[in-house]
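Peer 1: Dropping a structure here in structure tokens format, bear with me for questions.
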Amino acid sequence: GAYSCPAALQTRFQAISRAIKEAGGFDSSVGFLEYMQRSPRLFGEVTAMCEGALALVAEDGLPLGFNRSKSALDYKKVVTTMQQNLSHDLSLDELGDCCGLSVSAMKALFRTFNDKGVHEYYLWLRMTEAAGLLGSGLNVTEVADRLGFSSQSYFSTAFRRVMGVSPSAYRARG
């Protein structure tokens, strides 16, 4: 199903759609853009409406362009669980148990909603967090420990693989 939005936003969208249709409609995006250039007030309204809709999607934490289906909500649950467990190295089985999903179900969700695999995305989230911690002044050992890596060496290898540079080089960049 389509992503739902508040009635006021739907009403405004319908009013803008009617105004565009009354202006003759458009066969192409170029025609639409030309009309928007000649109608700055309407352009401002369309822009505000789109910004409002994007804010609603961001508030819900759902991937842009996806709906409120069970799959989208399950995906959100997996990502939220990952974000809440950046300091742990959860296995896929443990992650699935936390979310009430099998490993194969999580893999299917990530094929649908993400261009990375489940473990690859979880590691990317952890390395993104590591980059922020390194940027805040923590040293490599402190970051590795804070993110639950068994050794500084394993952390450094993972960081280099994901970020393309060693953690000490990343930290030196400031």
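The values are calculated or read from the model by the stated rules, or taken from the named source; none is laboratory data. These numbers were taken from a predicted model, which means no experiment stands behind them. FYI the Cβ positions are ideal-geometry reconstructions off the backbone, even for glycines, and counts take in every protein chain you see. Note: accessible area is taken over every heavy atom of the protein model, side chains too, but ligands, DNA and RNA are not part of it. Shrake-Rupley method; radii C 1.70, N 1.55, O 1.52, S 1.80 Å.
Peer 1: Taking θ as phi - 60°, what are the ³J(HN,Hα) couplings along the range 154-169 by the Karplus curve (6.51, -1.76, 1.60), each to the nearest whole Hz, with x for Gly and Pro?
Peer 2: Rounded to whole hertz, the list is 5, 4, 4, 5, 5, 4, 4, 4, 7, 9, x, 8, 5, x, 5, 5.
Peer 1: Convex hull over the alpha-carbon atoms of the range 117-160: what's its volume per residue in Å³?
Peer 2: In the range 117-160, the Cα convex hull volume per residue is 61 Å³.
Peer 1: For the range 73-170, go through all pairs of different Cα atoms, get the mean of 1/r, take its inverse, and jot down that Kirkwood value in Å.
Peer 2: Taking the inverse mean of 1/r over all distinct Cα pairs, the range 73-170 comes out at 13.8 Å.
Peer 1: Of the heavy-atom accessible surface of the range 68-152 (probe 1.4 angstrom), what whole percent is carbon and sulfur?
Peer 2: Reported share for carbon and sulfur atoms: 48 percent.
Peer 1: Under a straight-distance cross-link criterion of Cα-Cα below 18 Å, which aspartates and glutamates are reachable from Lys76, leaving out those fewer than 8 residues away in the same chain?
Peer 2: The reachable aspartates and glutamates, counting only those whose Cα sits under 18 Å from Lys76, are Glu59, Asp60, Asp93, Glu94, Asp97, Asp115, Glu120.
Peer 1: Starting from the 7 Å offset along Cα-to-Cβ, what nm value, one decimal, do you get for the label separation of Ser166 and Asn139?
Peer 2: Each label point lies 7 Å from its Cα, and together they span 1.5 nm.
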